[in-house]
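Only one structure is covered here, and it is reproduced in the block below.
The values are calculated or read from the model by the stated rules, or taken from the named source; none is laboratory data. The structure presented is a predicted model; accordingly, all values stated were derived computationally and were not measured. When we count neighbours, we look across all protein chains shown, and the Cβ atoms used for this are built from the backbone with ideal geometry, even at glycine. Note: accessible area is taken over every heavy atom of the protein model, side chains too, but ligands, DNA and RNA are not part of it. Shrake-Rupley method; radii C 1.70, N 1.55, O 1.52, S 1.80 Å.
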Amino acid sequence: MATKKEATQPTNAVNSNNAAATNGNQGMFAAVLSRLDMAFSKLNPSYNFQQIIKNPQKQVIVSLPVMMDNGKIEVFQGYRVIHSMALGPSKGGIRYAMDVDMDEVKALAAWMTFKCAIANLPYGGAKGGIQCDPRKLSVGELERLTRAYTSAMADVFGVNKDIPAPDMGTGKREMAWIVDTFSKIRGEDIPGVVTGKPLTLGGSKGREAATGRGVMISCLEAMKKIGMNKKTATCAVQGFGNVGSNAARLIAAQGIKVLGIGDHTAAFYNPKGIDIDAALKYVKENGGILKGFTGGDLVSNEELLLSDVDILVPAAVQNVITEDIAKNMKARLVVEGANGPTVAAADPILYEREITVVPDILANGGGVTVSYFEWVQNKSGHYWSEDEVNAKHDASMSTAFEHVWFNSKQYKTNLRTGAYITALKKLEQAVEYRGNY
Ligand code: GLU
């Protein structure tokens, strides 16, 4: 049996959010708050709304005892943060990584609230995670861990309550275990309780590639605005997991030359362009990693970020675009596939250097947009074609981009603050209509 601590924020909890960082992710939630402050200073929303949106609605920590293959029990820490339900049931992925902690999950949950608002989805924001190294666990151990987490969160999750999805270190396999465990606990089939499922269990066509597809659409929209030509533009993509590999493939399919790619094992640069299909094939046959790929010169991770390209797509982990990288970057356009790839202190440097940054909460919203389509299909029992999903997704991403662009111009600020403003305007209205209860 999992044990559980559940806590809702006390009413005077404003200062409790200056989260002490317990690992390498120095104050991720503090970075969210500093970006919020920037948007507050432009938008000037009501004091009451500011207090509400700065504090996550609910934070849950569970201890998950899992029987390991060696016959010993190991206890993992699992988290779920519901940041806001102002716009609807909370939505957000589940991350398996060693650096998962409450501070990180709180930041990721808040970003989901803003992401869903910008994408105009009827969802609030949440995020979950388990502190573990999924690469070191067997499939059996991962399954027992995922089922233990689902069972511990059985009264947190719900089709109209809180709907998880994949994030870093998880995918359709884990989502299948979640829907199976949850449905068995409830004694009925409830496919809409989780999105990013395999197609045979009620998944949506187009969901797997959706985040990468949204990155591609955001990239094209930004290029149109800043007058960057598809025929001559070059790009580097950091991260070759679900988001990075699909973004690289779809950006290359637009005729934009991808000169650099990389993952946690290796990075490559080829001035003539990397053959993305060859890289995808290599990764598929090489245990999911790029190490040993021969389609480009081996470069360091930093060299990849600083490489001579027009567009940089950070699609791996948070906090990679540091102040130093921002000062020396050659790219003129950054499209954030990852959540939180740019440290807050790098924002003004990039703005000063007139580098356009399409922020995560806009650029990677394609995933949750198609998650929403999956949930709608599960509720109605009627399933759409891939073309239908993609067309709806592309239109929704383009509209979201326009709103953010408009607000950034109207408030004379960068796209990141423009994105926060877009989200906050909507959230403030919802919070006001709901009133205080
Ligand atoms: N984990 C993804 C994200 O950060 C997807 C969330 C979802 O589909 O609910 O946007």
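General observations
- Per the conditions (1) in contact with a Gly (Cβ under 8 Å, 6 or more places away or on another chain); (2) more than 11 Å from the ligand (Cβ to nearest atom), the sole criterion not satisfied by residue 137 is (1).
- Some residue of the stretch 343-356 being within 16 Å of the ligand (Cβ to nearest atom) and modelled with pLDDT of 95 or more: no
- Among the residues of the stretch 144-178, just one is within 11 Å of the ligand (Cβ to nearest atom) and assigned to a helix (DSSP H, G or I), namely 175.
- Condition met for residue 69 (modelled with pLDDT of 95 or more and touching a Ser or Thr at 6+ places or on another chain (Cβ under 7 Å)): yes
- Those residues of the stretch 108-124 which are polar (S, T, N, Q) and at negative phi, in sequence order: 113
- Set 196, 203, 192: member being within 16 Å of the ligand (Cβ to nearest atom), open to solvent by less than 30 Å² (accessible area, probe 1.4 Å), outside any loop (DSSP other than H, G, I, E, B) and of a type outside the set (Asp, Glu): 192
- Any pair with Cβ under 9 angstrom, 6 or more apart, that starts in the stretch 95-110 at a residue that is closer than 16 Å to residue 54 by Cβ and open to solvent by less than 10 Å² (accessible area, probe 1.4 Å) and ends at one that is of a type in the set (Asp, Glu) and within 16 Å of the ligand (Cβ to nearest atom): 108/167
- Of all residues in the stretch 37-70, those that are of a type in the set (A, V, I, L, M, F, W, C) and closer than 18 Å to residue 81 by Cα total 6.
- Residues of the stretch 113-138 satisfying the condition of being more than 17 Å from the chain's Cα centre (by Cα) and either open to solvent by less than 20 Å² (accessible area, probe 1.4 Å) or free of Cβ contacts under 8 Å to residues at least 12 places away in the same chain (or both): 132, 135, 136, 137
- Condition check for residue 114: more than 16 Å from the ligand (Cβ to nearest atom) and of a type outside the set (A, V, I, L, M): no
- Scanning the stretch 59-77 finds one or more residues that are in contact with a strand residue (DSSP E or B) (Cβ under 9 Å, 6 or more places away or on another chain) and acidic (Asp, Glu).
- Total residues in the stretch 275-312 satisfying the condition of being free of Cβ contacts under 8 Å to residues at least 24 places away in the same chain and over 24 Å from residue 168 (Cα atoms): the figure is 2.
- Checking each residue in the stretch 74-94 for being within 14 Å of the ligand (Cβ to nearest atom), surrounded by fewer than 24 Cβ atoms within 10 Å (Cβ to Cβ) and of a type outside the set (A, V, I, L, M) picks out 88, 89.
- All conditions in (1) within 16 Å of the ligand (Cβ to nearest atom); (2) open to solvent by 30 Å² or more (accessible area, probe 1.4 Å); (3) touching a strand residue (DSSP E or B) at 6+ places or on another chain (Cβ under 8 Å) hold for residue 379, with the sole exception of (3).
- Scanning the stretch 400-417 for residues that are within 15 Å of residue 120 (Cα to Cα) and under 19 Å from the mean Cα position of the chain (by Cα) yields 400, 401, 404.
- Checking residue 216 against (1) surrounded by fewer than 23 Cβ atoms within 10 Å (Cβ to Cβ); (2) away from the ligand (no atom under 15 Å from the Cβ), the condition it does not meet: (1)
- Complete set of residues in the stretch 246-257 that are touching a strand residue (DSSP E or B) at 6+ places or on another chain (Cβ under 8 Å) and part of a helix (DSSP H, G or I): 247, 248, 251, 252
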